[in-house]
Amino acid sequence: MRIRSWSLTVVAMAALVIGLWGSNPAPTRANGEKDDEKGGHAHVPAPLEYADVHAPLSVWTDATMIARGKEIYTTRCAVCHGDQGDGKGPAGLALPLKPSDFRDKDGVAEMRDNYWFWRVSEGGQVEPFKGKGSAMPPWKGQLSVEERWAVMAYQHTFSGHQGPHVPWEHREMITVGRDIYVMACVPCHGVAGKGDGSVGPTLAPRRAPQPRDFTSGEFKFRSTPSGQLPTTADLLRTVTEGVRSAGGPMTIGLRGHRIMPGFRHMPLGQRLEVIEYVKSLNRRFWDRQEIKTVAVPAPPAMTPERLARGKQLYADAECLACHGGRGRGDGLSAPTLKDNRDLPIAATDLARPERFKNGARPEDIYRTLMTGLAGTPMPSYADSLEPDHAWDLAFYVLSLSRDRRRTAEAGAR
Amino acid sequence: MRTILTLLVIVTASVSPWGVTADEAPISGTVKADDTMANTLTLQTTAKGKTRDVTIVLKPESKIVKFARPTEPGKTGFVEQALVLGDLKPGWVVSVTAKHEGGNEVAETVKVVLEK
């Protein structure tokens, strides 16, 4: 009797295991995970090539644009996203990754305009959407930039929101970035991003450099011409590399005498999130239509002739007035230099390239010469130096280094 | 005890679906090829960053449809238009509801998402 019970138990357990295995077979599907049926739309930061594409504010409320967007939407998007924008178009119902529901106010509020534009442009051909089996086609080859904005403006109407789709209307867009900012940036840059954090003044007491005022629109480290805002890539470079400095008592512990630490250790997505928050502090990022950057051509070979020409340019361009004859930052004008906050600012000691705030590679120096450093006495030479001459001067600046290896490295490139 | 165990065996065996699997999720992808002789459709699909080809078997009862705007004045929405396998062209994006049958993916409905 006891043996029969055991036998029945074994048979029952075996049947249970086989039954469960049979009802849940190993996945053989190419895509179509159950989780994705619920949405699976991740509002990740737009990649750098799309990060600076912000829709003009007028787009969202312009009746002509909205009408144009409706026409495109009806013929190209509604079959999946639905005539009502609810993501329930007939072709979208059976998709593994459900089409976006534009009536979902919260979901739409989280979508930044550059993310939206990226999604319309690239569709499901990019990660993380491709891996989720998104069937969204890329429209960049078929719709112009304005047409894509028009479609977005029409899709936006489904959410019921009346104003422009910008971070100061929808704080949800920048929640992640704001949280990171609060943890990592507030001590120096301040709660409102005005560069008035409590720690900032102690980094370099009563003198420049001070933490950036993000609301002023003046950014030192750019690849854009003088007077313009930086690109997202410029901001990412600064956040990643940090800012070097001659250093004060509070910066000695920071690696490489950085007055701003580098955040290379922070995941790229988080760095981009905090940059989106920083951009939201200045509406001019949404006003600019076309972004021009200063092209940095491939460095030529460094020759003694270039160095000689560079030395002459150094004198002609009056670099020595501030940086001094030997580049030690001890020119005649150096003691009188002030920044845009009327704080004394030191001329950079060119003999110590490891402390160049905008980088010390030949291409970094070239970029600094061509863009200038906004808010400081360092001007842009874009109008007065030909590219070839800028390289001459960049190589000469490097030759002033105490560390002769830098000059040798530059020449070997 | 014996009654309980016997019931357990019967219940477990009855929930085990051999042959046809329920709870299917859809497949979407780009048409790579169709074979009207073998009644199969090959899709290029991507999941978890990996792209692979999936062959879908079509049975006589399988439906292939695309959606179009109604031509009658005043009508809105979309109407279904029936297609045959040979109508599907490489590059088109489709979504497929299918079932596992004998190790194959057998289509119930193929919906055209985008014609290229």
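The values are calculated or read from the model by the stated rules, or taken from the named source; none is laboratory data. Keep in mind the model is a prediction, meaning the values are calculated, not measured. Here the Cβ positions follow ideal geometry from the backbone for every residue, glycine too, while neighbour counts run over all protein chains shown.
Report yes if some residue within the range B:1-17 is at the interface with another protein chain (Cβ under 8 Å from one of its Cβ atoms), modelled with pLDDT under 75, closer than 18 Å to residue B:105 by Cβ and part of a loop (DSSP other than H, G, I, E, B); otherwise report no. Taking every residue of the range B:1-17 in turn, at least one turns out to be at the interface with another protein chain (Cβ under 8 Å from one of its Cβ atoms), modelled with pLDDT under 75, closer than 18 Å to residue B:105 by Cβ and part of a loop (DSSP other than H, G, I, E, B).
Of the residues examined, residue A:30 is one that is at the interface with chain B (Cβ under 9 Å from one of its Cβ atoms), closer than 30 Å to residue B:49 by Cβ and modelled with pLDDT under 95. The numbered conditions (1) within 12 Å of another protein chain (Cβ to nearest Cβ); (2) more than 30 Å from residue A:139 (Cβ to Cβ); (3) modelled with pLDDT of 95 or more are all true for residue B:65 except (2). Every listed requirement among (1) in contact with a Lys or Arg (Cβ under 9 Å, 6 or more places away or on another chain); (2) modelled with pLDDT under 90; (3) under 26 Å from residue A:88 (Cα atoms) is met by residue B:74 save one, (1). Selection of the range B:52-62 for residues being free of Cβ contacts under 8 Å to residues at least 12 places away in the same chain and at the interface with chain A (Cβ under 10 Å from one of its Cβ atoms) yields only B:52.
Residues that are in a helix (DSSP H, G or I) and touching a His at 6+ places or on another chain (Cβ under 9 Å) do not occur anywhere in the range A:82-96.
Considering the range A:171-193, and only residues there that are in a loop (DSSP other than H, G, I, E, B) and either modelled with pLDDT under 95 or among the small types (Gly, Ala, Ser) (or both), the residue that is surrounded by the fewest Cβ atoms within 10 Å (Cβ to Cβ) turns out to be A:192. Each residue in the range A:58-81 was checked for being touching a Gly at 6+ places or on another chain (Cβ under 9 Å), part of a helix (DSSP H, G or I) and surrounded by fewer than 17 Cβ atoms within 10 Å (Cβ to Cβ), and 0 of them qualify. Where helices (runs of 4 or more DSSP H) fall entirely within the range A:262-362, those with at least 2 residues that are without any contact (Cβ under 8 Å) to a residue 12 or more places away in the chain are at A:304-316. Go through A:133, A:85 for me and flag whichever is of a type in the set (Gly, Ala, Ser), buried (at least 18 other Cβ atoms within 10 Å of the Cβ), more than 11 Å from chain B (Cβ to nearest Cβ) and on the phi > 0 side of the Ramachandran plot. None of the other options fit; the residue is A:85. Within the range A:368-400, the residues that satisfy the criterion of being without any contact (Cβ under 8 Å) to a residue 60 or more places away in the chain, farther than 25 Å from residue A:214 by Cα and assigned to a loop (DSSP other than H, G, I, E, B) are A:383, A:386. Looking at the range B:43-50, is at least one residue in contact with a helix residue (DSSP H, G or I) (Cβ under 8 Å, 6 or more places away or on another chain), within 14 Å of chain A (Cβ to nearest Cβ) and among the hydroxyl-bearing types (Ser, Thr, Tyr)? Checking the range B:43-50: at least one residue is in contact with a helix residue (DSSP H, G or I) (Cβ under 8 Å, 6 or more places away or on another chain), within 14 Å of chain A (Cβ to nearest Cβ) and among the hydroxyl-bearing types (Ser, Thr, Tyr).
Inside the range A:101-157, residues that are part of a loop (DSSP other than H, G, I, E, B) and among the aliphatic types (A, V, I, L, M) make up a count of 5. Go through the range A:269-321 residue by residue and tally those that are hydroxyl-bearing (Ser, Thr, Tyr) and under 16 Å from residue A:386 (Cβ atoms). Going through the range A:269-321 one residue at a time, the tally reaches 1.
Residues checked against (1) over 18 Å from the mean Cα position of the chain (by Cα); (2) assigned to a helix (DSSP H, G or I); (3) at pLDDT below 95:
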position	(1), (2), (3)
A:197	yes, no, yes
A:207	yes, no, yes
A:212	no, no, yes
A:216	yes, no, yes
A:220	no, no, yes
A:226	yes, no, yes
A:229	no, no, no
A:235	no, yes, no
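The single condition among (1) in a strand (DSSP E or B); (2) more than 14 Å from residue B:109 (Cβ to Cβ) that residue B:81 does not satisfy is (2). Taking the range B:78-115 as the range and being within 8 Å of another protein chain (Cβ to nearest Cβ), touching a Phe, Trp or Tyr at 6+ places or on another chain (Cβ under 9 Å) and not aliphatic (A, V, I, L, M) as the test, the residues that pass are B:78, B:80, B:111.
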